[in-house]
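What follows is a set of notes on a single structure, which appears directly below.
Read the figures in this text as sums done on the coordinates, not as results from a lab. Computed from a predicted model, the values in this text were never measured in an experiment. Glycine also receives a Cβ, built like all others from the backbone with ideal geometry; neighbour counts cover every protein chain displayed.
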Amino acid sequence: MNPPPIVLPAALIAPNVAHTQKSIAENERVRGTRLMLGPGESLPLHPSCGMLVALDGAQVRFRTGGQDEAVTLRPANFKWRDSDRPAVLLNRGRTVPHAVDIVVR
């Protein structure tokens, strides 16, 4: 049984913007950033260990230090990264996924 789709309020959706990053929480221990990425677009993620949490389904690719990893995330799934090297997140899907990147400082 599939969970119901997540419906976001219009205020959280950036119209006509292919990708956005918005800081949603930050303190001395963690930083949380809301991400939206258009199909085929990429953006750098903050270095350090952390995790990307999918709010809806996402097909992404992580590029870290010359290595690529294709990942399919279902709603509420996450991808942990444990590296101090910068990573690039690429949307390999056809939709604009909504996710939160949580970085541990």
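I need to check one value: relative contact order of segment 19-104, counting alpha carbon pairs closer than 8 Å and at least 6 residues apart, in percent.
In percent, rounded to a whole number, it is 42.
Ordered by residue, what ³J(HN,Hα) values in Hz, to whole numbers, does segment 53-64 give under the Karplus form 6.51 cos²θ - 1.76 cosθ + 1.60, where θ = phi - 60° and Gly and Pro are x?
Residue by residue, segment 53-64 yields 10, 7, 8, 9, x, 8, 10, 10, 10, 9, 10, 9 Hz.
Sort the following peptides by mean Cβ neighbour count (other Cβ atoms within 10 Å, averaged over residues), highest first: 90-102, 60-72, 27-39.
Final packing ranking: 90-102, 27-39, 60-72.
Given axes a ≥ b ≥ c from the Cα gyration tensor, I'd like to know whether segment 23-105 is rounded (a/c under 1.5), prolate (a/b larger than b/c) or oblate.
Oblate, because a/c is 1.5 or more while a/b does not exceed b/c.
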